[in-house]
Amino acid sequence: MDTILVVDDSLTDTTMIRYMLTEFQVISAADGIEGLEIIEKHPEIDLVLLDLHMPRLDGFGVLERLMADNLQVPVIILTNVEEIDQEIKGLDLGAVDYIRKPLNIKALKKRIEVQLRLKKATELVKEHNRILEETVDLRTAEIQRTNEITINALIRLLEVRNVESSDHSRRTKMMMQLLCNRLQEKDIEGYRLSTRKISELIQTTPLHDIGKVGIPDSILLKPGKLDSDEFAIMKEHVKKGVDALDYSAGSEVSQISFIETAKELIQNHHEWYDGSGYPDSKRGKTIPIGGRLMAVIDVYDALTSKRIYKEALSHEEAIQIMQKEREKHFDPIIFETFLELEDSFRAIAQAGKVD
């Protein structure tokens, strides 16, 4: 049974309304203050019939309090025939309808019926939206977990080949997060990244060299410098990495943002800002921002990490080398951002190194 609160100082009007609305549970209050107290104690109230002229707190005061407290119970105001301006004021303050005294039983019931239907429909929509949001959140969490599992599985392939370590993956992800967050703080045109893009860049950073899985051990694990033929084969890891993430079954297949970000990193992290990189000799901002970010991270981590073919350099040595080739290799804004964060990069490079 729907519950209706009648807020009216007229005992005659309240008694008449109770008689008219026998199919509802009717609660009454003699003024606005009592009415608000009842609403607070009984949130299940479905509708309020509100007189405008009452002692202590009038109907307008009640409407203002309901609006201020964001209490969304529908209110039908009770007015006299000549109170057109007050009807409008009541509607402006959040009332959903008005009915004039003397009350007509059929008109009163019809107005109440319409508002109760609207209230139930609104509550149904809210419940559907809540369920939808929960479903979306759950699905999003599942997708994120699936992405993490997929990335970890792919990275283990590199670990098995003794190419990279899980520590390398952790470091590069942290470095990417540092750069992305600082760029957001700087808010420079052309370098703004959405929250989603930042998350994708961070999560897919460890995949930038996944194509090395397809490079022969004789080249991949060679302790010395590669000759020109061997280096040509090594450069193929970019294409192999992009191909490994190819999911297209036709031109009508929708792009998967997460995978496209990973491919962006793989395809472009060896491009140089002056166009002398590979595989496409892209230059400047024609290199996607993910590739420009990864270029700085990859070079720094490679220099400060021990590899089969080299010993780890100190942070200072790495910075010195990068400074020498900054104009050729790196996006100037991203490199300056990197230098602003060099203490944090040093801490990441030195913390818990195992490779």
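Filtered by the rule that a residue be more than 22 Å from the chain's Cα centre (by Cα) and farther than 16 Å from residue 210 by Cβ, segment 255-280 gives 271, 272, 273, 274, 275, 276, 277, 278, 280. Checking each residue in segment 323-343 for being modelled with pLDDT of 95 or more and touching a helix residue (DSSP H, G or I) at 6+ places or on another chain (Cβ under 6 Å) picks out 330, 331, 334, 335, 337, 338, 341. Scanning segment 100-130 for residues that are without any contact (Cβ under 8 Å) to a residue 40 or more places away in the chain and β-branched (Val, Ile, Thr), we see that the one that is nearest to residue 2 (Cα to Cα) is 114.
Looking only at segment 216-237, filter to residues that are in contact (Cβ under 8 Å) with a residue 60 or more places away in the chain and surrounded by 12 or more Cβ atoms within 10 Å (Cβ to Cβ); which one of those is nearest to the chain's Cα centre (by Cα)? That would be 221.
Considering only residues in segment 285-315 that are under 13 Å from residue 179 (Cα atoms) and among the charged types (D, E, K, R), the one that is modelled with the lowest pLDDT turns out to be 298. Within segment 253-299, restricting attention to residues that are free of Cβ contacts under 8 Å to residues at least 12 places away in the same chain and polar (S, T, N, Q), the residue that is surrounded by the fewest Cβ atoms within 10 Å (Cβ to Cβ) is 254.
Scan 179, 193, 201, 183 and give me the residue that is buried (at least 17 other Cβ atoms within 10 Å of the Cβ), touching a Gly at 6+ places or on another chain (Cβ under 7 Å) and either in a loop (DSSP other than H, G, I, E, B) or assigned by TED's automatic domain parsing to the domain that holds residue 342 (or both). That would be 201, the only listed residue that is buried (at least 17 other Cβ atoms within 10 Å of the Cβ), touching a Gly at 6+ places or on another chain (Cβ under 7 Å) and either in a loop (DSSP other than H, G, I, E, B) or assigned by TED's automatic domain parsing to the domain that holds residue 342 (or both). Counting only helices (runs of 4 or more DSSP H) that sit wholly inside segment 259-349, those with at least 1 residues that are among the hydroxyl-bearing types (Ser, Thr, Tyr) are 289-303, 332-340.
Report whether or not residue 240 is assigned to a helix (DSSP H, G or I), in the same structural domain as residue 179 (by TED's automatic domain parsing), surrounded by 15 or more Cβ atoms within 10 Å (Cβ to Cβ) and not polar (S, T, N, Q). Here the answer is yes, as residue 240 does meet what is asked.
Within 21 Å of residue 335 (Cβ to Cβ) and either surrounded by 12 or more Cβ atoms within 10 Å (Cβ to Cβ) or out of contact with any strand residue (DSSP E or B) (no Cβ under 8 Å at 6 or more places or on another chain) (or both): does that describe residue 247? Against the criterion (within 21 Å of residue 335 (Cβ to Cβ) and either surrounded by 12 or more Cβ atoms within 10 Å (Cβ to Cβ) or out of contact with any strand residue (DSSP E or B) (no Cβ under 8 Å at 6 or more places or on another chain) (or both)), residue 247 does not qualify.
Only one of 316, 325 is out of contact with any strand residue (DSSP E or B) (no Cβ under 7 Å at 6 or more places or on another chain), charged (D, E, K, R), over 23 Å from residue 225 (Cβ atoms) and surrounded by fewer than 19 Cβ atoms within 10 Å (Cβ to Cβ). Can you tell me which?
316
When you scan segment 300-311, how many residues do you find that are under 18 Å from residue 220 (Cα atoms) and crowded, with 18+ Cβ neighbours inside 10 Å?
Residues that pass the stated criteria total 3.
For segment 186-200, a residue qualifies if it is farther than 16 Å from residue 333 by Cβ and in contact (Cβ under 8 Å) with a residue 40 or more places away in the chain, and the qualifying residues are 196, 197, 200.
The values are calculated or read from the model by the stated rules, or taken from the named source; none is laboratory data. Values in this document were obtained by computation on a predicted structure and should not be read as measured data. So basically every Cβ, Gly included, is an ideal-geometry build from the backbone, and we count neighbours across all protein chains shown.
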